[in-house]
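The values are calculated or read from the model by the stated rules, or taken from the named source; none is laboratory data. All figures in this text were calculated on a predicted structure; none of them were measured in a lab. For neighbour counting, all protein chains shown are included, and Cβ atoms are generated from backbone atoms with ideal geometry for every residue, glycine included. Areas reflect the complete protein model, heavy atoms only, side chains present, ligands, DNA and RNA absent. Shrake-Rupley method; radii C 1.70, N 1.55, O 1.52, S 1.80 Å.
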Amino acid sequence: MSPLLDRIGLPGDEKSWQALGFDLNAATFRLGAVTCAVDTTPAWGFDQVHADPVALGIPVQPRAAHPDATSDADGSALDAASDVDVPADRGAPGAASDPDVPAGRDTGSPATHPNGATYVDHLVYWVPDLDDAVTALNAVLGTEPRRRFHPRGPSGPEMAFYRVGKPFLEVVSTGRPPILAGIAFGTPDLDATVAAVRAAGGPIGDPKPAVQGGRIASVWSGHVRWGIAFLEPAPR
């Protein structure tokens, strides 16, 4: 059974994320099955793992004492960039009824935030070598990538895409040390989201076409010195 991404650590303080239209409680906010904790080093956590995630080079986000936080179902002892577009054929965002999300797994319910975002679409994971990263991720997640290719042509970076519940991991070969470089949040109405973020004082650009056929709007990279975007998927 493939792990679900269920928690993320995000840089930037509460005011920075409130300025993007998120409703926080005790420095956290919930989107679907994912609990996001702010004012911390970029980190992640999964509801289960098959090998020690230290091999991935990314901190493991502790489970927060938050009223909406997902409980640790498996008890595993091992579970301890402004452009974040993804290709259309990576697969559409999952849902509770999606066959890739096993029955009985917590995918959460849509949270209500002023910006209208309802789910985490993907995390961007930069790695020095894609072969090594895929080997490590296959061991930790117990699954292989959905696809591995050069979405921007031979001169662009090679990427691999892993499904971890509703979100995807976008793994990018950069030749640099491993980091979580950014995040994209899904919204059904990007125009309304951009308007809400601007009303809250957030620095966000105009919507533009996304690689996968929908639209994307990026937050100014200096806002929390990290890649943040909002994505409206193409109509299905």
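Computed quantities for the displayed model
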item	result
Count of residues meeting criterion [assigned to a loop (DSSP other than H, G, I, E, B), modelled with pLDDT of 95 or more, over 14 Å from residue 61 (Cβ atoms) and open to solvent by less than 20 Å² (accessible area, probe 1.4 Å)] in the stretch 13-43	4
Residues being at pLDDT 95 or above and buried (at least 19 other Cβ atoms within 10 Å of the Cβ) - total across the stretch 141-151	2
Among residues of the stretch 204-218, those that are polar (S, T, N, Q) and part of a strand (DSSP E or B), counted	1
Test: residue in the stretch 165-174 that is in contact with a Phe, Trp or Tyr (Cβ under 7 Å, 6 or more places away or on another chain) and part of a loop (DSSP other than H, G, I, E, B)	yes
Matching residues in the stretch 198-232 - criterion: being open to solvent by 50 Å² or more (accessible area, probe 1.4 Å) and under 18 Å from the mean Cα position of the chain (by Cα)	211, 215, 220, 221, 225
Residue 182 vs. criteria part of a loop (DSSP other than H, G, I, E, B) and open to solvent by less than 10 Å² (accessible area, probe 1.4 Å)	no
